[in-house]
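The values are calculated or read from the model by the stated rules, or taken from the named source; none is laboratory data. Bear in mind the structure is a predicted one, so any value in this text is a computation, not a measurement. Backbone-built Cβ (ideal geometry, glycine too); neighbour counts: all protein chains shown. Surface areas here come from the heavy atoms of the whole protein model, side chains and all, with no ligands, DNA or RNA. Shrake-Rupley method; radii C 1.70, N 1.55, O 1.52, S 1.80 Å.
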Amino acid sequence: MVIETSGLSKSFRGFTAVDRVDLAVEEGHVHALVGPNGAGKTTLFNLLTGFLKPTAGRVSMAGHDITGSPPERIARLGVARSFQITNLFEHLTLQQHVELALLGTTKLGHRFWVSDRVLTKFHDRAGELLDEVGLAKLRDVPAGTLAYGQKRALELALALALDPKVLLLDEPTAGMGLEDVERTVELVKRVRTGRTVVLVEHNMSVVAGLADRVTVLQFGRILVEGTYDEVRNDSRVIEAYLGGESAA
Amino acid sequence: MTVMVVRKLAGLPLLWRVLAVVGGLLVALALPWYIYPPVAMDIVAWALFAVALDLLLGFTGLLSFGHAAFWGSAAYTAGTIAIETGLPFPVAVLGGSVVAMVLAVPIALLAVRRTGIYFAMVTLAFAQMVYFVANQWSGVTGGENGLQGIPKELFGLDLSDPFYFYYAGLPIALVGLLIAWRVVHSPFGRVLVAIRENPARSRSLGFPVDRYKVMIFVISAGLSGLAGGLYAISHGFASLQEVYWTTSGKVVIMTVLGGIGTLWGSVIGAAVIVQVEDYVATSGINIGPLEITGPGLITGLIFVGVVLLFRRGVWGTVAHLLRRRRSVPDAEPHLSGTTAPAVEQEPAVAPKS
Ligand SMILES: Nc1ncnc2c1ncn2[C@@H]1O[C@H](COP(=O)(O)OP(=O)(O)OP(=O)(O)O)[C@@H](O)[C@H]1O
Ligand SMILES: [Mg+2]
């Protein structure tokens, strides 16, 4: 198992957002996390990437116990994530974004005594990555001017720049038009080789097209886990979604 | 190939930069011909101090309100070395800088756990402790009297004339400015800007944000120390004023006045404030008791005026206007096909422990 959690819990002032989750993600899988709004999917991601510390339980990632490790150390273990709420450097250009992400995989970042011209060696690779997510034409534009779906694509490029073993994508297709959704699905299919992907996704056709396993979360707990077909026909899942919708 | 040509043309700001550097050097060399030389030396020392602060405030987004600790401890150290050992003054200044950096390490380790106003408060608290120690430890610092009679030794040259001392001291400040420039235009400098813009995202790209902040804090303290040591040698004394909180405030004012995140702005801010204070102090303008009003009041008024008129500071505003005129044509065409940016919330990221 590449990712394993045991009894993982997170409470915010008495409210339990993630509740005793035992998640196991197999190496090489695309593993989808689904569930109604507020089910705790993003909180679970934050626990896996060190942005939140668990109230209880443990997380191991690629054989390392990373419970309580800071985000930068987890990133350096080969775990990259994209954020649901787009989280970029508004004033930096797309090119600078990807160069920065590539810089993050090296030890060059500490060198305050050399010229930043050494970053030109990332120039071509950054261009390729932007091309892969369909943003090559916008490389010199500040990220703040992008449309929402384009920002999602840039998030993806940043995650890929780290050349991660584990890729955690929080709603990568949210806000994208049909064509971009398709391109993103194709992209995930291409980059998944040699990697493990965990995907939070509301779009069920995306889940159907990509996921080997699906875990359904509700009220912070694992409700059901199985293949897409198993999960889709499970009465508890149908109820959870209907219940979730009528409450919304 | 055409891409290369376009890039070259887009790199034309390089020409401006070279002109600015050459112009700046000429002004620096000519300064003591036009300005009373001790004041010229003050401008140079404060300029380096303000640039050092800008590395934190402008390039990393950290407001230190305790930089007097580094300027002042270096002033005392440089003074003591010069008096006790009689070594050439650049060695004494360097010694001051090293002590400032050593002092900065524990302060940085504790301060970087906080951000915003809390960071400012932690740095201020430490600087007040340094002030307290300097006041008590009068055997070394001279207490209220300060450290007097600091010699300007340099291989037996006679530097008692401030005009000549200026040219002996200027290279030290220039080296300091060069270091600041190198740091800003390095891979490290890129990461600093990323940290300023979005620390949480920087961490998820694998950058240990706190370690970067400690590093730049220590570099900034070292440059502040160079400036403080130079100042003490130039004046021939170091007083409690050097570690007092108003010194921390004054350098913040200079940096903000000139425009943060620009380096040049800090230099201009320092030149303006030092000259205004010198003018007020020597012209006999007197609005009530000097400790309350005097130079400080005028400085404060100018500061408020500039901040209200130009949000980016003097240099920041000029640079912005120039950049806007240049970059409108090359940034705009790419924007077709994008819709208005979505309104973003703050990333939902927990505070680090
Ligand atoms: N920092 C926080 N402080 C307090 N409550 C929080 C915090 N973060 C999340 N929550 C709460 O935890 C619950 C789970 O939130 P989370 O964002 O993980 O849901 P989600 O499954 O990602 O939902 P969505 O599909 O809308 O993205 C929600 O009720 C949310 O309000
Ligand atoms: Mg979510």
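Remarks
- Among the residues making up the stretch A:33-54, those that are within 16 Å of ligand 2 (Cβ to nearest atom) and within 11 Å of chain B (Cβ to nearest Cβ) are A:THR42, A:THR43, A:PHE45, A:ASN46, A:LEU47, A:THR49, A:PHE51, A:LEU52.
- When A:GLU155 is tested against (1) acidic (Asp, Glu); (2) in the same structural domain as A:THR106 (by TED's automatic domain parsing); (3) open to solvent by 40 Å² or more (accessible area, probe 1.4 Å), exactly one condition is not met: (3).
Condition check ((1) closer than 29 Å to B:GLY265 by Cβ; (2) in a helix (DSSP H, G or I); (3) in contact with a Lys or Arg (Cβ under 8 Å, 6 or more places away or on another chain)) across all residues:
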{"residue": "B:LEU157", "(1), (2), (3)": "no, no, no"}
{"residue": "B:ALA180", "(1), (2), (3)": "yes, yes, no"}
{"residue": "B:PHE188", "(1), (2), (3)": "yes, yes, yes"}
{"residue": "B:PHE207", "(1), (2), (3)": "yes, no, no"}
{"residue": "B:VAL214", "(1), (2), (3)": "yes, yes, no"}
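- Against the test of being crowded, with 17+ Cβ neighbours inside 10 Å, in contact with a Leu (Cβ under 8 Å, 6 or more places away or on another chain) and within 7 Å of chain B (Cβ to nearest Cβ), the options A:LEU129, A:LEU138 yield a single qualifying residue, A:LEU138.
- Complete set of residues in the stretch A:205-248 that are buried (at least 16 other Cβ atoms within 10 Å of the Cβ), assigned to a helix (DSSP H, G or I) and modelled with pLDDT of 85 or more: A:VAL206, A:VAL207, A:GLY209, A:LEU210
- Listed by first and then second residue, the pairs with beta-carbon distance under 6 Å, at least 6 apart or on different chains, first residue in the stretch A:16-33 and in contact (Cβ under 8 Å) with a residue 60 or more places away in the chain, second open to solvent by 40 Å² or more (accessible area, probe 1.4 Å) and among the basic types (Lys, Arg), are A:ASP19/A:ARG221; A:HIS29/A:ARG213; A:VAL30/A:ARG192; A:HIS31/A:ARG213.
- Among the candidates B:ALA108, B:ALA100, residue that is modelled with pLDDT of 95 or more, crowded, with 21+ Cβ neighbours inside 10 Å and farther than 20 Å from B:LYS152 by Cβ: B:ALA100
- The stretch B:186-211, residues that are open to solvent by less than 10 Å² (accessible area, probe 1.4 Å), touching a residue at least 40 places away in the same chain (Cβ under 8 Å) and more than 21 Å from A:PHE45 (Cβ to Cβ): B:GLY189, B:LEU192, B:ILE195
- Among residues that are at pLDDT 90 or above, within 11 Å of chain B (Cβ to nearest Cβ) and more than 20 Å from B:PHE59 (Cα to Cα), A:GLY149 is not included.
- Every test in (1) within 22 Å of A:VAL216 (Cβ to Cβ); (2) modelled with pLDDT under 90; (3) out of contact with any His (no Cβ under 9 Å at 6 or more places or on another chain) is passed by A:ALA62 save one, and that test is (1).
- Subset of the stretch A:60-100 (residues that are of a type outside the set (Val, Ile, Thr), within 16 Å of ligand 1 (Cβ to nearest atom) and touching an Asp or Glu at 6+ places or on another chain (Cβ under 8 Å)): A:ARG81, A:SER82, A:PHE83, A:GLN84, A:ASN87
- Exactly one residue out of A:ARG183, A:ARG236 is basic (Lys, Arg), farther than 20 Å from A:GLN84 by Cβ and away from ligand 2 (no atom under 16 Å from the Cβ): that is A:ARG236.
- Any hit, the stretch A:193-201, residues being in a helix (DSSP H, G or I) and free of Cβ contacts under 8 Å to residues at least 24 places away in the same chain: no
- Scanning the stretch A:60-91 for residues that are more than 8 Å from chain B (Cβ to nearest Cβ), over 14 Å from B:PHE207 (Cα atoms) and open to solvent by less than 30 Å² (accessible area, probe 1.4 Å) yields A:MET61, A:ILE66, A:SER82.
- Inclusion of A:GLY57 among residues that are more than 14 Å from chain B (Cβ to nearest Cβ), surrounded by fewer than 15 Cβ atoms within 10 Å (Cβ to Cβ) and either more than 9 Å from ligand 1 (Cβ to nearest atom) or modelled with pLDDT of 90 or more (or both) is not warranted.
- Count of residues meeting criterion [assigned to a helix (DSSP H, G or I) and within 17 Å of the chain's Cα centre (by Cα)] in the stretch B:29-67: 18
- Selection from the stretch A:7-32 of residues that are touching a helix residue (DSSP H, G or I) at 6+ places or on another chain (Cβ under 8 Å) and either near ligand 2 (Cβ under 10 Å from one of its atoms) or within 22 Å of A:GLY226 (Cβ to Cβ) (or both): A:LEU8, A:VAL18, A:VAL21, A:LEU23, A:VAL30, A:ALA32
- Here is the figure for the stretch A:169-191: residues that are within 10 Å of another protein chain (Cβ to nearest Cβ) and buried (at least 18 other Cβ atoms within 10 Å of the Cβ) total 0.
- Residue match in the stretch A:160-168 (condition: assigned to a helix (DSSP H, G or I), open to solvent by less than 20 Å² (accessible area, probe 1.4 Å) and within 14 Å of chain B (Cβ to nearest Cβ)): yes
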